[in-house]
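Only one structure is covered here, and it is reproduced in the block below.
A short reminder: the numbers here are calculations on the coordinates, not readings from a lab. Predicted model, so just to flag it, every value in this text is computed and none were measured. Ideal geometry is used to build each Cβ from the backbone, glycine not excepted, and the neighbour counts take in all protein chains shown.
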């Protein structure tokens with residue numbers, strides 16, 4: 001029996017459903033929910049009674065420290081932002097690639113990654129070159145083969161949201177360095193599920209939303225900024241990024257000397273409180289155990305689903321297959337209809353790229369996979 005390394009009682013939704021959709025809107029554990037309620041009840045609702053201006057400035061520091069441990073980087077590089085899209089949207093203006101150069105990305109990647117670069121290309125005459133994530137090819141090899149002297153930026157998710165394909169960021173970075181290209185990595189579908197080693201990756205920026213695999217709520221995200229970007233002025237500086245925000249100097253841009261300069265303004269401090277606790281749980285469990293758990297469930301899922309005609313985008317033996325996002329397809333199948341049918345049986349998963357996307361989180365266990373397989377068997381029985 002593959003048991004959950006998390007306490008399933010901390011997730012009330014599991015009492016009424018099989019939840020396999022963490023890659024979309026993640027479940028939030030009771031410890032994080034309690035931390036958020038406690039902050040709202042004991043601090044937030046009382047205005048400045050229990051949080052001074054100085055307390056507010058310092059409030060991000062615990063989250064920065066926990067994030068630096070989970071993402072393997074120095075805490076001075078961790079920017080706390082309101083969303084991944086907030087910082088991804090600034091990066092084209094911040095990096096300002098050379099004129100008429102090429103930005104390389106993946107055609108099926110998440111739009112928050114590609115759209116800012118498409119907009120910059122339209123304004124500045126750049127070319128955005130897309131490569132495809134094909135199940136018969138290693139996506140890292142495909143990206144590397146597309147890099148040439150014209151490439152100024154590579155922007156990519158380390159784990160593709162629709163297929164679960166893993167990009168070898170360290171190997172990709174070696175190729176971008178050779179041509180002097182910048183590397184932007186969205187680790188939203190990786191952080192909290194598999195190891196994200198921001199220091200080893202050495203990317204210009206690594207971004208992650210807080211409300212999926214990290215186990216938090218919306219309204220807060222993390223960005224690991226390279227030392228080079230820490231020397232630059234954000235294109236959209238906010239009041240909170242000042243060296244001393246509560247000096248309220250409207251006549252200058254006096255920025256913090258570390259990644260705090262990228263924090264724009266007051267944000268969801270309640271979400272921060274919940275995310276701190278969620279990160280502590282992940283750190284306590286350990287990334288190796290989290291990944292091994294997902295890999296065990298994935299092997300069981302793929303093996304049994306194949307009996308009913310469901311095939312993964314990448315086999316489990318493929319080094320580019322993630323352990324926690326399994327994309328399943330079936331010939332001549334109306335995937336949306338199947339997902340709706342699963343939902344009617346309280347099995348919650350998603351559809352991406354015309355396939356069923358299954359998320360395998362630390363709160364999932366063998367019974368969840370068995371229930372899904374039984375549902376697949378029921379679909380086949382109804383066909384005959």
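The figures follow:
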| item | result |
| --- | --- |
| Residue 118/residue 197 FRET efficiency (R0 30 Å; Cβ-Cβ; nearest 0.05) | 0.55 |
| Fluctuation leader among 171, 295, 355 - the chain, Gaussian network, Cα springs under 10 angstrom | 171 |
| Highest average packing first - 190-198, 25-33, Cβ atoms within 10 Å | 190-198, 25-33 |
| Per-selection Kirkwood Rh - segment 149-283 (Cα, Å, 1 d.p.) | 16.4 Å |
| Principal-axis tilt of helix 61-71 within the chain, Cα atoms, nearest 10 degrees | 50 degrees |
| From the C-alpha gyration tensor of segment 99-208, square roots of 5λ in Å | 20, 15, 14 |
| Stretchable slack from residue 50 to residue 13, in nm (0.36 nm times residue separation minus alpha-carbon distance) | 10.0 nm |
| The chain: equivalent-ellipsoid semi-axes (sqrt of 5 x gyration tensor eigenvalues, Cα, Å) | 35, 28, 16 |
| Descending semi-axes in whole angstrom, ellipsoid equivalent of segment 181-249, from the Cα gyration tensor | 25, 18, 9 |
| Sequence of 322, 68 once ranked by neighbouring C-beta atoms within 10 Å, starting from the fewest | 68, 322 |
| Cα-Cα pairs of segment 261-384 separated by more than 18 Å (percent) | 59 percent |
| Helix 335-344 vs. the chain, principal-axis angle (Cα, 0 to 90°, nearest 10) | 90 degrees |
| Relative exposure of 170, 268, judged by other C-beta atoms within 10 Å (fewest first) | 170, 268 |
| Projected-area mean, segment 162-216, by convex hull of Cα positions, square nanometres | 4.0 nm² |
| Extension gain from residue 61 to residue 40, taking 0.36 nm per residue of separation minus the Cα-Cα distance | 5.7 nm |
| Cα-based helix-to-principal-axis angle, 111-124 vs the chain, degrees rounded to 10 | 50 degrees |
| Distance histogram in 5 Å bins (all Cα pairs of segment 1-90, percent per bin) | 2, 10, 12, 17, 19, 18, 13, 6, 2, 0, 0 |
| Overall Cα dimensions of segment 278-321 - principal axes, largest extent first, Å | 40, 19, 13 |
